[in-house]
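Down below is the structure, laid out as structure tokens.
The values are calculated or read from the model by the stated rules, or taken from the named source; none is laboratory data. Nothing here was measured: the structure is a model prediction, and the numbers come from that model. No Cβ is skipped: glycine too gets one built from the backbone with ideal geometry, and neighbour counts run over all protein chains shown.
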Amino acid sequence: MRVTNLLSDLCLELDQCVTNEVKLGLCHEKDGGAVGLVVKVAFRLAMHKIVDFMDTNEREVYGKRPIPGIPEIVAPGIKVVKKLWLPFVLIQFVGLVVVILYFSWPMFQGWCDAVGRVKASTGVFFAMLVLPIAGGVVPELFKHVTGVDRVWDRKRLNHLLMAMFAFCLSGLFVDTFYMFLARAFGDSSTFGVVAAKVAIDQAIYSPLVGVTWLAFCFTFERVGYSITRLRAVLKDSWYRREVAPMLVVCWAYWLPMTSLMYSLPTSLTFVFGAIASSASAILMVAVARRHD
């Protein structure tokens, strides 16, 4: 109905504008100016009407909301931690066990080294395969095992597919970023090198690429994959409203975890990072989907 009214109004205003401009002598049929005038006026009116229609629709769907302050940015992360602390801590415990076994059990160290060699030989494709499982499938399984969420309906499966897609491309981004760090700083685990890697990771990559990409994917999902609604959300202090709460959780979790990860042997870095990603995904995805 809205589109029908839009077209009707457009036709009426086009006819009126052309009539007025012809009366004013701004075009003459003998030199072919009328056709150009009609096209020009039609295009101008169409652009104005489409913009007005989209702006009105955005206000109806989202309205104007105050820009969130620090308490509103921090609150979602605190709420999510209170709800999902059990699977979150359990996955972290698994990561700790992996590190202990690596340094105390030669056979387990061999397995990790083998995974590292596979990762080195397959490159970014291995990361794009493993990270969707670590960031999408594993968190859902741990939420089921711990009793946090045991309802497997269509909505949850759709959420899972979207999470796997988001983390698949995250695997591409993060693996490229890790290769850049390796080339820039080498495999050294001295305090200066580790501090530099953590600083670049948390101050540049995470705010600009890692967290922003995930927030964008889940925002696009929340608005029903509508470009019009996505445009409205992105204009409404989106970074502060959606990315910043996830970034707070990211920093609280990944600052100590990346400090440990970049200190580990190269063969263990990927295994540990994948496990750590499962724990962080539980929190960040929950923050991103807090509107559901």
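Looking at region 247-257, can you tell me whether even one residue there is more than 30 Å from SER188 (Cβ to Cβ) and either buried (at least 16 other Cβ atoms within 10 Å of the Cβ) or at pLDDT below 90 (or both)? Break it down into steps so the answer makes sense when it comes.
The initial filter retains those residues of region 247-257 that are more than 30 Å from SER188 (Cβ to Cβ), namely 248.
So of that shortlist, the ones also either buried (at least 16 other Cβ atoms within 10 Å of the Cβ) or at pLDDT below 90 (or both) come out as 248.
Yes, that holds for at least one residue.
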Task: Matching entry among LEU181, LEU208 (being in a helix (DSSP H, G or I), out of contact with any Cys (no Cβ under 9 Å at 6 or more places or on another chain) and surrounded by 12 or more Cβ atoms within 10 Å (Cβ to Cβ)) - done: LEU181
Task: Matching entry among THR266, THR219 (being in the same structural domain as PHE103 (by TED's automatic domain parsing) and more than 19 Å from GLY171 (Cα to Cα)) - done: THR219
TODO: Tell me, yes or no, whether region 230-244 has at least one residue that is assigned to a helix (DSSP H, G or I) and acidic (Asp, Glu).
DONE: yes
Open item on the list: Just to check your reading of the model, which residue among LEU230, LEU208 is at pLDDT 95 or above and within 16 Å of the chain's Cα centre (by Cα)?
Closed with: LEU208
TODO: Having 3 or more residues that are free of Cβ contacts under 8 Å to residues at least 12 places away in the same chain and of a type in the set (Gly, Ala, Ser) is the bar; report the helices (runs of 4 or more DSSP H) wholly within region 70-171 that clear it.
DONE: 106-122
